[in-house]
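Working notes, beginning with the structure itself.
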Amino acid sequence: MQLSAEHSALAATTFTCHDQAVVNLSKIARQADIFLDLMGVAVGSLLLVIGVETYRDGGSVGWPIAGSVLFLINLWVACRRFARRRKPTLSS
């Protein structure tokens, strides 16, 4: 009889730990998604800066064009995803 009481306490603890792990995994995934969105914008801006410097040093005009296109696309994607993550406001 006492063995079954200990077993049910263990089962309840395991279930609670599983719920906590799922919540933490969801939070970690959300934070990683935000981090990757921001890193895309950072990489795009870095390529834009390097492309402008290369063009000033006599390189091809394609580098700043490619940098600006990559930066603008990453900025657009990040803005759309951040807007989707915002909670909707209540309209009166």
To the nearest 0.05, what FRET efficiency results for Arg80 and Val49 with a Förster distance of 22 Å applied to their C-beta separation? 0.40
If each of Ala66 and Leu25 carries a label point 7 Å out from its Cα toward its Cβ, how far apart are those two points in nm? 3.9 nm
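Just so you know, all these numbers are worked out from the coordinates, no wet-lab data involved. Note that this is a predicted model, so its numbers are computed, not measured. Virtual Cβ from ideal backbone geometry, glycine too; neighbours counted across all protein chains shown.
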